[in-house]
Amino acid sequence: IIPVWLKTPDQLSIVAAMLRGETVLRAGDFVADLNYGRVFLAAPADLRRAIVRSFPITLWGEAAAIARAESGFNAKAHCLNCIPGVVEDSRGYFQINVNAHPWARRGDLFTVSWNATAAARVRNEAVSWRPWSTAAGLGLV
């Protein structure tokens, strides 16, 4: 599936450069019709690469929006029972809660690659962004 915002060969080459991990500064103008495309392009390069590897292209922008809302694009974000009455141990860009997803402890959730891989698994199992408390405010559920 090729998103609607990939309309020209130049845009395809920009995405190819992003997949290779290259910084692409001129890409912002071609994602205006993608709801969260600008958020994706504003994400740190390591997170963009991990999102590209972990999620289908149609979810890149939404994944970046979740990461920004959950952690402020902070790879080292950690919420250990930080909300009164909520028992959680959420880690990394996507704030993966190891109490709810104990299998995620197999890797270091403060590394971007494992965090994005875990986020993709959580989203795939839920078939939505519902597991993230920020998803409703973003209009993703």
Subject >> Karplus 3J(HN,Hα) series, Hz, for the stretch 59-64 with 6.51 cos²θ - 1.76 cosθ + 1.60 (x for Gly, Pro) >> reply: 10, 4, x, 5, 4, 5
Original post:
For the stretch 68-106, which trypsin sites (Lys or Arg not before Pro) are in a loop by DSSP, counting at most 12 other Cβ atoms within 10 Å?
Top reply: 76
Original post:
Can you work out ³J(HN,Hα) from phi for every residue in the stretch 120-135, in order, using Karplus 6.51 cos²θ - 1.76 cosθ + 1.60 and θ = phi - 60°, giving whole Hz and x for Gly and Pro?
Top reply: 4, 5, 4, 5, 5, 5, 7, 6, 5, 8, 3, x, 9, 5, 7, 4
Original post:
For residue 111, which sequence-distant residues (separation of 5 or more, or a different chain) have an amide H within less than 5 Å of its own amide H, given hydrogens modelled in the peptide plane?
Top reply: none
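We did not get these values from a lab; they are worked out from the coordinates using the rules stated. Every value quoted in this text rests on a predicted model; they were computed, and no experiment measured them. A quick note on method: Cβ atoms are made from the backbone with ideal geometry, for glycine too, and the neighbour counts reach across all protein chains shown.
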